[in-house]
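The values are calculated or read from the model by the stated rules, or taken from the named source; none is laboratory data. Not measured: the values here are computed from a predicted model. All Cβ positions, even for glycine, are placed from backbone atoms using ideal geometry, and neighbour counts span all protein chains on display. Ligands, DNA and RNA are excluded from the accessible area calculation, which covers all protein heavy atoms including side chains. Shrake-Rupley method; radii C 1.70, N 1.55, O 1.52, S 1.80 Å.
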Amino acid sequence: MTSYLIRGVRVLGREQTDLLLRDGVVAESGRGLDAGAAQVIEADGLVALPGLVDLHTHLREPGREDAETVQTGSRAAALGGYTAVCAMANTSPVADTAGVVEQVWRLGREAGLVDVQPIGAVTVGLAGERLAELGAMAASAAAVRIFSDDGHCVADPRLMRRALEYVKAFDGIIAQHAEEPRLTEGAQMHEGEVSTRLGLTGWPAVAEEAIIARDVLLAEHVGGRVHVCHLSTAGSVDIVRQAKARGVRVTAEVTPHHLLLTDELAASYDPVFKVNPPLRTAADVAALRAALAEGIIDIVATDHAPHAVEDKECEWAYARPGMVGLETALSVVLSTAALHVDGRPDWDLIAERMSRVPARIAGLDAHGHDPAPGAPANLTLVDPAARRTVDPAELASRSRNTPYAGTELPGRIVATFLHGHATVLDGKATK
Ligand SMILES: [Zn+2]
């Protein structure tokens, strides 16, 4: 196994040091380490972070390999600085059995670019009618701990209650796509001034907030763990804040796009801006940024949602919702300055929201550790001074539906290491 000497890197933005990666761990740190047989990486000006962890990735395999595969999605993740991703269950077939989650888990191991942790479906076929084989998925080789019908809401309160109760046996989590379906029928974008102006059917904030309010009450009632996927409104922040203050076992994520983009973009009728939940108002964006910094929103998660051209480059009304996000996530977060202090990135806080806490929620013990002697060598090197203009043609994802085409964003991932193996070097995937 190749060993690496990373020379002069600033771990979490602190003073420069060297890191020696050997046998899958950070073997030594300190200035002037002897390279020996190790490959030297000059890291002057670079910041080392624990490898990023994404709790919400759509890898599309099995079923929509034309949009993404476990391998292409893993490569996109590594290029984004990720060392672990949780793969959502809305594949075809749906990941609602031990067989399918084990297939995704195995494909992730074969790709070997990030640790792929499958998420299991809550209900059979995501149909919202009866519970899937949660216990069998938990007991499988994939050791599933998070369950989600993402793309669909577990709308039936009795089913949601039973799911929360069931997964308590193995400290599992139900990750809810919070959308009261009766309130979003035919919805095309956020319900507000812009939707009125454009004459498009609105997706009201209350459709999200009503489900989150219900679910935190259910979680409190049964003592279960609920995770809120892609929280998108200021009102949702208030509900989570109150629930946490009462001691409810609730965690929440926000996507990079909801931290940056607003519903005004729908006026372009460019379906690349169509996403679920929809882009909200500038006031929501401000509330989300503040809540992320404060920790009411625990983590950033990408909701990386690749779509084939025919599903996305069509009329707004027919376009599938979703954006790719793995390769731009850190840059977008940096661009919002949501996790800045005194005008500079707070690397410790970025590590917290994008690596340590998501690793803890997902129970990924090998991830979310600061690069220090003895820690698993899962880390990424960022050049914070670099800027790059996003070119969809250059993305490693099989899909091109990025809302940032032509946008200049700060920061660049220079290298990523998974269990001591380089998955990205010089900004390029190694396989
Ligand atoms: Zn969703």
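How many residues does the range 81-95 hold that are more than 16 Å from the ligand (Cβ to nearest atom) and assigned to a strand (DSSP E or B)? Show your work before the answer.
Pass one, the range 81-95, residues more than 16 Å from the ligand (Cβ to nearest atom): 81-84, 92-93.
Now drop any that are not assigned to a strand (DSSP E or B), which leaves 82-84.
Number of matching residues: 3.
Quick test of your reading of the structure: PRO384 fulfils all but one of (1) of a type outside the set (S, T, N, Q); (2) in contact with a strand residue (DSSP E or B) (Cβ under 6 Å, 6 or more places away or on another chain); (3) open to solvent by 20 Å² or more (accessible area, probe 1.4 Å); (4) in a loop (DSSP other than H, G, I, E, B). Name the failing condition by number.
The failed condition is (4).
Among strands (runs of 3 or more DSSP E) lying entirely in the range 24-64, which contain 3 or more residues that are within 20 Å of the chain's Cα centre (by Cα)?
Numbers: elements: 25-30, 39-42, 47-50, 52-57.
Result: 47-50, 52-57.
Which of (1) under 30 Å from LEU33 (Cβ atoms); (2) open to solvent by 10 Å² or more (accessible area, probe 1.4 Å) does ALA337 not meet, given it meets every other one?
(1)
Out of all the residues in the range 198-217, which are open to solvent by 30 Å² or more (accessible area, probe 1.4 Å) and assigned to a helix (DSSP H, G or I)? First the steps, then the outcome.
Taking the range 198-217 first, the residues open to solvent by 30 Å² or more (accessible area, probe 1.4 Å) are 198-201, 206, 209-210, 213-214, 217.
Scanning the range 198-217 gives LEU198, VAL206, GLU209, ALA210, ALA213, ARG214, LEU217.
Can you spot a residue in the range 347-362 that is in a loop (DSSP other than H, G, I, E, B), out of contact with any strand residue (DSSP E or B) (no Cβ under 6 Å at 6 or more places or on another chain) and open to solvent by 10 Å² or more (accessible area, probe 1.4 Å)? Write out each step before concluding.
Start the filter on the range 347-362 by keeping residues that are in a loop (DSSP other than H, G, I, E, B), which leaves none.
No; the residues of the range 347-362 include none that is in a loop (DSSP other than H, G, I, E, B), out of contact with any strand residue (DSSP E or B) (no Cβ under 6 Å at 6 or more places or on another chain) and open to solvent by 10 Å² or more (accessible area, probe 1.4 Å).
Among the residues that make up the range 103-114, is at least one of them within 16 Å of the ligand (Cβ to nearest atom) and surrounded by fewer than 24 Cβ atoms within 10 Å (Cβ to Cβ)? Spell out how you get there, then give the answer.
So in the range 103-114, the residues within 16 Å of the ligand (Cβ to nearest atom) come out as none.
No: zero hits.
Anything in the range 292-318 that is away from the ligand (no atom under 16 Å from the Cβ), open to solvent by less than 50 Å² (accessible area, probe 1.4 Å) and without any contact (Cβ under 8 Å) to a residue 60 or more places away in the chain? List them, or say none.
The answer is ALA293, GLY295, ILE296, CYS314.
Evaluate the following for THR184: is it buried (at least 17 other Cβ atoms within 10 Å of the Cβ) and more than 23 Å from ILE297 (Cα to Cα)?
On the way: buried (at least 17 other Cβ atoms within 10 Å of the Cβ): yes; more than 23 Å from ILE297 (Cα to Cα): yes.
So THR184 passes the test.
Quick one: in the range 150-176, which of the residues that are within 16 Å of the ligand (Cβ to nearest atom) and within 16 Å of ALA207 (Cβ to Cβ) is most open to solvent (accessible area, probe 1.4 Å)?
Filtering the range 150-176 for residues that are within 16 Å of the ligand (Cβ to nearest atom) and within 16 Å of ALA207 (Cβ to Cβ), the one most open to solvent (accessible area, probe 1.4 Å) comes out as HIS152.
I'm trying to understand the selection: among the residues of the range 187-208, which are of a type in the set (D, E, K, R) and closer than 15 Å to LEU279 by Cα?
The initial filter retains those residues of the range 187-208 that are of a type in the set (D, E, K, R), namely 191, 193, 197, 208.
Scanning the range 187-208 gives GLU191, GLU193, GLU208.
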